[in-house]
Amino acid sequence: MNNEQKLALARLIVLLITLVNSVLAHYGKPIIKTDEAFVYQVISDAILIGSIAWAYWKNNNITKNAAKAQEFKKQLDKGEVEFEGPEVVTEKSEVEVDNTKGGQ
């Protein structure tokens, strides 16, 4: 079983547990006991984890050089500047690849 299949199985198991707990809670017999404080703590933890992920996911250009590099990248992405860097692929291939935007 590859990693993607393991993750899909884990998501399915969590979904089934929460579904069964929800149905049983509807009938007054939940598997996972919760109270107001527990729900508050779970929501607080989720917000904390989300804010940590968001803070580290974003590109934080703290130094002047990083800010300049980000601005240059934006200009490159918009096609406002030309830049001839080293060739990335060192081996030639017979397969033709279209790397232009929207080249479908």
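What to note about this one:
- Pairs with Cβ under 6 Å, 6+ apart, first in segment 41-70 and under 21 Å from VAL81 (Cβ atoms), second at pLDDT 90 or above: none
- Residue count, segment 1-47 (criterion: outside any helix (DSSP H, G or I) and surrounded by 11 or more Cβ atoms within 10 Å (Cβ to Cβ)): 4
- For ASN61: the one exception among (1) in a loop (DSSP other than H, G, I, E, B); (2) modelled with pLDDT under 85; (3) loosely packed, with under 10 Cβ neighbours inside 10 Å: (3)
The values are calculated or read from the model by the stated rules, or taken from the named source; none is laboratory data. Remember, it's a predicted structure, so these values are computed and weren't measured experimentally. Glycine also receives a Cβ, built like all others from the backbone with ideal geometry; neighbour counts cover every protein chain displayed.
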